[in-house]
Amino acid sequence: MESLNDTQWDVVISGTGLPQSLLALALSRSGKKILHVDRNDYYGGDEAALSLSEADEWAKKHASEPTDTTSTFSHASIAQAPTDGEPGKGKLGHSRGYSLALAPQLLHSKSSLLPALVSSKTNDQLEFQAVGSWFLVNTPPDGSASQAKLTRVPGGREDVFQDATLDLKAKRSLMKFLRFVVNYEEQGDTWEEYRDKPFSSLLEDKFGLVPASHPPILALALSTKSSTDTPSKFAVPRVAKYLTSIGVFGPGFGAVLPKWGGLAEIGQVACRACAVGGGVYVLGKGISEVQQNDDSDMKIYLTDGEVVSSKWLAGVPQDLTHSLSAIQSPEPDVWMTKSISIVSSPLASLFPPTSEGGVTPAGAVIVVQPVDTAEPPVHVFAHSSESGECPKDQCILYASSARADAQGFGVLNHAVEALLQSVGESTEPQVLWSMHYRQRYTSTHDAPSTSDSVITLQSLSPDLAFDDGTLGNVRLAWQRITDGDQEAFLKFEAREGTMEDDELT
Amino acid sequence: MSDGAGATAPKPSSSVKLVLLGEAAVGKSSLVLRFVNNDFQPNKEPTIGAAFLTQKCQLPNRTIKFEIWDTAGQERFASLAPMYYRNAQSALVVYDITKPSSLVKAKHWVAELQRQASPGIVIALVGNKLDLCEDDNAEAEQADAENETEEEPSTARKVSTKEAKAYADEESLLFFETSAKTGHNVSEVFTAIANAIPETSLKGPRSGAGGGTQAAISAGQDNNRVNLNARGEAGPKEGCAC
Ligand SMILES: Nc1nc2c(ncn2[C@@H]2O[C@H](COP(=O)(O)OP(=O)(O)O)[C@@H](O)[C@H]2O)c(=O)[nH]1
Ligand SMILES: [Mg+2]
């Protein structure tokens, strides 16, 4: 039987998270010999999608406090509602009926990842669904969830005009801002001095928008920070990205999500494409050590003792600690507190059609406002069962907050409860199952590797929308390995045998 | 929209992801080639890594577009298959009727699918290379004419239909014996799978949501799917991949 060290590898990729998988996809037609390993026994790494039993195991593995700089996840726990024997009503389904996303990031319709998936001919193996409506949930000053109010964020000019809660002056101010923001790049002077100031002060000083009108605009920026901590330089490009994304793939929505478990599905499709090109995949093996030789390929020690040789090694910093001179960058780590909740109702009111006759969205964004504006908001991504992540008649809520203190989990629970109370269903939807955890984001921009043949890929950022920088970073890695022309990045012909939609029969 | 030959009136169409599993050289790729191209190549080079093909299957009331994942070569690392059967609605587990060890391997795959794949996955067990035991077929008719032993020394068959069928029944699998070489039973396997996919798990247009759908929804697809090829609302973009 053949073993892994019979081959002289060109590239060893460590970890099957999204950045590494996109690199595998980019290299899938290069003719290079690729070995793609993952220390976990499942695909997806930090972006995996989990069944209930996989989530159980995952939570056990990540239950503790963070041990060292390589641990991304910590404090994981699972809570399950007691089953009160009422048949049919509010019961968890089969473990494998769930595909819970560790990375439920939405993709702006204008994200550069989408055309890359089309040009790399992977799009036909993926299914994208719309992220339709955006909502705000406001809790009253006393913080009681039972009085929480849900309001829809106007999704564009027409909505703004029809919004009865806005007076004419407010509408005019808002339109002025909308006109500015979609062309913000050409209007440096308008906002230059506000780049480092809070976004809300730009809205107020420059556009005369009263504070009460800020939350819906701020929501579109998907800032994990409090409004006072969200500078214009963060918010303006993101609001612009969302607004200019509306209508790209159809009226009434500006973001999409991949079916079957968020970014995990894109990673899987990318790995498959690499396997079709001959890449070898091995799960349950990580990299324990790398030995550099001056005049020959490096020796890579796998965790089971096997040794392979390769010209290149690529991975995210957490997988390459052995060959990084310093994983600690000057910027402090960012922590997010997250939860995934399975809800006993489809919450259909969160997923109205994107437009008349348009697609029915499978995703919604809900921003739960903190009572104290100095606190960060809680973002909840709701995915309907059409996302393939849960059985019919249920939905999944992915909640996250930039709080990383002991109260973080309580804040998330409160936000989910406020949302469920505010949707106005006659019987209040129940959380049947939930998982809580913390996630660490290490700023890895310049984690220097000890060798020219070791390529550090950036992990995903804490952004709630996919950051196109990830793809740019993968492109640089691909260029180093292949010396390729950047114009050729992820541009492939259809493979033989994959007829698109021609009628053969 | 399309003005295709009038013969094919628009029928609801849905995609079905199918994965092929089985020991090396049992004929997985040959079965796919027969189904997709109605062709057989005796000296086909082994699949590298994996292959992705599509083929349509016309049922009386709908069209099924199979998205076929043919796996290969890396069974030894047992790491490739999970990314193929993830979200697969159907699996074709193939063994070679002249090679008993290949049925053992097939049973492992069935067990793994039942443990790991989508709960509703439709699995077909397929004994391939039936042409190598042609005579055996004829004999089955006149079974006890001259001989009472089940296994003829003259035939290449090493796995009896009865044994495999009993196993398939026990595990609720569809079961066929095929020949990729002659084409015997090949399209039958795929048609049977298409018919066995529960209607509810098919993505099709909801009743009533028929006409007048937006550009972003490809014709005949469900009303959740966003079509990334429909970039920009206006503009007559043709969906041609060539
Ligand atoms: N006689 C006969 N040979 C077959 C049949 N199907 C495949 N083969 C041969 O078996 C070998 C392996 O076939 P292949 O399709 O590559 O198997 P795979 O590894 O399972 O994909 C090739 O030499 C084929 O020509 C069949 O139905 N009858
Ligand atoms: Mg093959």
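No lab work stands behind these numbers, since they all come straight from the coordinates. Note that the coordinates shown come from a computational prediction; the quantities given were computed from them, not determined experimentally. Neighbour counts run over all protein chains shown; Cβ positions are idealised from the backbone, glycine included.
Please report, largest first and rounded to whole Å, the three semi-axes of the ellipsoid equivalent to region A:329-389, where each semi-axis is the square root of five times an eigenvalue of the C-alpha gyration tensor.
Those come to 29, 15, 13 Å.
Only helical DSSP H runs with n ≥ 4 go in: add -39500 (n - 2.57) per run for the protein assembly as shown, normalise by residue count and round the 222 nm mean residue ellipticity to 500 deg cm²/dmol.
-7500 deg cm²/dmol
Please work out whether region A:116-201 counts as rounded, prolate or oblate from its C-alpha gyration tensor, where a ≥ b ≥ c are the square roots of the eigenvalues and a/c under 1.5 means rounded, while otherwise a/b larger than b/c means prolate and anything else oblate?
Oblate is the answer for region A:116-201, as a/c is 1.5 or above yet b/c matches or exceeds a/b.
Using a Förster distance of 45 angstrom, determine the FRET efficiency expected from the C-beta separation of A:Thr373 and A:Asp452, and round it to 0.05.
Working from the Cβ atoms, E equals 0.40.
Can you run phi through the Karplus equation (6.51, -1.76, 1.60; θ = phi - 60°) for region B:113-127 and list ³J(HN,Hα) in whole Hz, with x for Gly and Pro?
3J(HN,Hα) across region B:113-127, in whole Hz: 4, 5, 7, 10, 7, 3, x, x, 4, 8, 10, 10, 9, 10, x.
In the structure shown, do any of A:Lys61/A:Lys392; A:Lys259/B:Lys11; A:Lys285/A:Lys311 have a Cα-Cα gap over 27 Å, and if so which?
As for pairs spanning more than 27 Å Cα to Cα, those are A:Lys61/A:Lys392.
For A:Ser345, which sequence-distant residues (separation of 5 or more, or a different chain) have an amide H within less than 5 Å of its own amide H, given hydrogens modelled in the peptide plane?
Those qualifying (amide H under 5 Å, at least 5 residues apart or on another chain) are A:Cys395, A:Gln430.
Restricting things to alpha carbons, find the Rg to Rh ratio for region A:1-86 using the Kirkwood radius for Rh.
Using Cα coordinates only, the ratio equals 1.13.
What does the charge add up to near A:Val316, with Lys and Arg as +1, Asp and Glu as -1, over the other residues with Cβ less than 13 Å from its Cβ?
Charge balance near A:Val316 sits at -2.
So, with +1 on the Cβ of K and R and -1 on the Cβ of D and E, and no other charges, what is the size of the charge dipole of the protein assembly as shown about its Cα centre, to the nearest 20 debye?
Magnitude of the dipole: close to 1900 debye.
Between rounded, prolate and oblate, where does region B:26-135 land on the alpha carbon gyration tensor, with a ≥ b ≥ c its root eigenvalues, rounded for a/c under 1.5, else prolate if a/b exceeds b/c?
Rounded.
Treating the Cα atoms of chain A as identical point scatterers in vacuum, please give the log10 of the normalised Debye intensity I(q)/I(0) at q = 0.06, 0.07, 0.10 Å⁻¹, two decimals.
-0.29, -0.39, -0.81
Enumerate the calculated ³J(HN,Hα) couplings along region B:15-30 in order (Karplus 6.51 cos²θ - 1.76 cosθ + 1.60, θ = phi - 60°), each rounded to whole Hz, writing x wherever the residue is Gly or Pro.
8, 10, 7, 10, 10, 9, 10, x, 4, 4, 6, 7, x, 4, 5, 5
Any number yet on Rg/Rh for region A:298-374, C-alpha, Kirkwood?
Looking at region A:298-374, the ratio lands at 1.22.
Can you say what percent of the DSSP beta bridges in the protein assembly as shown, counting only those with both residues inside, are antiparallel? Round to 5.
Bridges in the protein assembly as shown are about 60 percent antiparallel.
Between A:Arg172 and A:Val334, what is the FRET efficiency for a Förster distance of 35 Å, r being their Cβ-Cβ separation, to the nearest 0.05?
0.40
In sequence order, what are the phi-derived ³J(HN,Hα) couplings for region A:118-133 according to the Karplus relation 6.51 cos²θ - 1.76 cosθ + 1.60 with θ = phi - 60°, rounded to whole Hz, with x for glycine and proline?
5, 6, 8, 6, 9, 4, 6, 9, 10, 10, 9, 10, 7, 9, x, 8
So if the hydrodynamic radius of region B:10-61 is defined as the Kirkwood radius over C-alpha pairs, what does Stokes-Einstein give as its diffusion coefficient at 20 °C and 1.002 mPa s, in µm² per second?
166
Under the √(5λ) rule applied to the eigenvalues of the Cα gyration tensor, what semi-axes describe the equivalent ellipsoid of region A:41-182? Give them in Å, descending.
37, 26, 18
Please list, in chain and number order, the residues 5+ apart from B:Asn128 or on another chain whose amide H is under 5 Å from its amide H, with Hs placed from the backbone.
B:Tyr95, B:Asp96, B:Ile97, B:Thr178
For A:Phe253, list long-range residues whose amide hydrogen, built 1.01 Å from N in the peptide plane, is under 5 Å from its own amide hydrogen.
Placed amide hydrogens put A:Gly247 under 5 Å from A:Phe253.
Dividing the convex hull volume of the alpha carbon atoms of region A:318-459 by its residue count, what do you get in Å³ per residue?
So the per-residue hull volume is 174 Å³.
Take every Cα pair under 8 Å in chain A that's 6+ residues apart, average their separations, divide by the length, and report that relative contact order as a whole percent.
26
Output the pairs from B:Lys28/B:Lys181; B:Lys56/B:Lys181; B:Lys129/B:Lys158; A:Lys197/A:Lys338; B:Lys129/B:Lys165 with a Cα-Cα distance over 18 Å in this structure; if there are none, say none.
Result: B:Lys56/B:Lys181; A:Lys197/A:Lys338 exceed 18 Å.
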